[in-house]
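Worksheet: one structure, shown below.
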Amino acid sequence: MKTTTEIGLSLVIPVFNEAENLDELIRRCLEVCLQTKRIFEIVLVDDGSSDASPAMISRAAEKHPGQIVGILLNRNYGQHAAVVAGLTESCGEIVVTLDADLQNPPEEIPKLLQETDKGIDVVGTIRMNRRDSFFRKFSSSLVNSMVRRATGVRMNDYGCMLRAYRRNVVDAMLQCHEHSTFIPILANSFAGSTSEIPVQHEARTQGDSKYSFLKLISLQFDLLTSMSTFPLRLLSFLGTTIAISGTLFGVFLMVMRFAMGTEWAAQGVFTLFALLYIFIGAQFIALGLLGEYIGRIYQDVRARPRFFIQEIVGNSPGIQGKK
């Protein structure tokens, strides 16, 4: 019976309503994995799809036993929860995550393996000639900038799912039980060495993007509050700055009142109202951020599972060894 260490490569791919891309995805992934000359497994995680994706994953697992494993979640939990489910069942010494939309070509995987063969713990990627809308590019640039400032880890493209992790980093991530998890940042916190390489990016030819404007906003909140207390520190800094500014402005008003008379002071009423609105807005922002943190504490205290696996179709040799 094979043990988990005999699996050299695991591909973990979250799938949500990608029936149009699945056949080509599976074909290309199998071709690339066979070319690596490594024992491999392809872990396809269906994240509660409403199309034919679950049935297609099940058929692929039955057609390619020992190479494809299908994990079917009972409902949609989100991309990162689905990836964690795949990481939980993966067995490879090197784990590569990949989107199912084929915008990141599977043919780029050997480049990541070359980096991990150098001993790199986490290999990120930078999408070259990105084929996305201006809105997606701008949102991604904003997210990347805020993540770098909040975490201090200098990586250029946190939004690209095509990444490689060594087994020790994966095992460390799986010991973390927080519900709001942004995997690239979490992995970097455990990595002894990281690198980024350029990869090609293709336009989506089938299906639609699963990230709407509201989901991007939700992702931004996850990034701000799940991995760092930077927003709380920023809030304290802004509060101190506003308080000092208000005090200085009050002193200024008092001096000008005595110097210019009461008529001048009466003309500053609307300015005082504007300052009042600024303070009220700052208080609401503070309450919103505190609410985000308290909500996450509430979720973690309940300790509910991040996902529920309804069925596992097909077992790789490594999973048999784990069991």
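Values for this structure:
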quantity: Residue that is acidic (Asp, Glu), within 22 Å of Val199 (Cα to Cα), modelled with pLDDT under 95 and in the same structural domain as Arg166 (by TED's automatic domain parsing), where the choices are Asp51, Asp101, Asp47; calculated: Asp101
quantity: Matching residues in the range 88-124 - criterion: being under 14 Å from the mean Cα position of the chain (by Cα) and either surrounded by fewer than 19 Cβ atoms within 10 Å (Cβ to Cβ) or within 21 Å of Leu30 (Cβ to Cβ) (or both); calculated: Thr97, Leu98, Asp99
quantity: Helices (runs of 4 or more DSSP H) within the range 237-323 that include 2 or more residues touching a Phe, Trp or Tyr at 6+ places or on another chain (Cβ under 9 Å) and either at pLDDT 65 or above or under 30 Å from Ile7 (Cβ atoms) (or both); calculated: 269-302
quantity: Residue match in the range 169-182 (condition: assigned to a helix (DSSP H, G or I), modelled with pLDDT under 80, under 12 Å from the mean Cα position of the chain (by Cα) and not polar (S, T, N, Q)); calculated: no
quantity: Count of residues meeting criterion [closer than 23 Å to Gly92 by Cα, of a type outside the set (Lys, Arg) and either in contact with a Pro (Cβ under 7 Å, 6 or more places away or on another chain) or touching a residue at least 24 places away in the same chain (Cβ under 8 Å) (or both)] in the range 32-52; calculated: 13
quantity: Pair list, Cβ under 8 Å, 6 or more apart: the range 180-196 residue acidic (Asp, Glu), other residue at pLDDT below 80 and buried (at least 18 other Cβ atoms within 10 Å of the Cβ); calculated: Glu196/Met155; Glu196/Asp157
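Conditions tested, residue by residue: (1) closer than 17 Å to Leu162 by Cβ; (2) in a helix (DSSP H, G or I).
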residue: Cys33; (1), (2): yes, yes
residue: Glu41; (1), (2): no, no
residue: Val45; (1), (2): yes, no
residue: Asp51; (1), (2): no, no
residue: Pro54; (1), (2): no, yes
residue: Arg59; (1), (2): no, yes
residue: Glu62; (1), (2): no, yes
residue: Gly66; (1), (2): no, no
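The values are calculated or read from the model by the stated rules, or taken from the named source; none is laboratory data. Because the structure is predicted, anything quoted here is derived from the model rather than measured. Cβ sites come from the backbone with ideal geometry, for glycine too, and all protein chains shown count toward neighbours.
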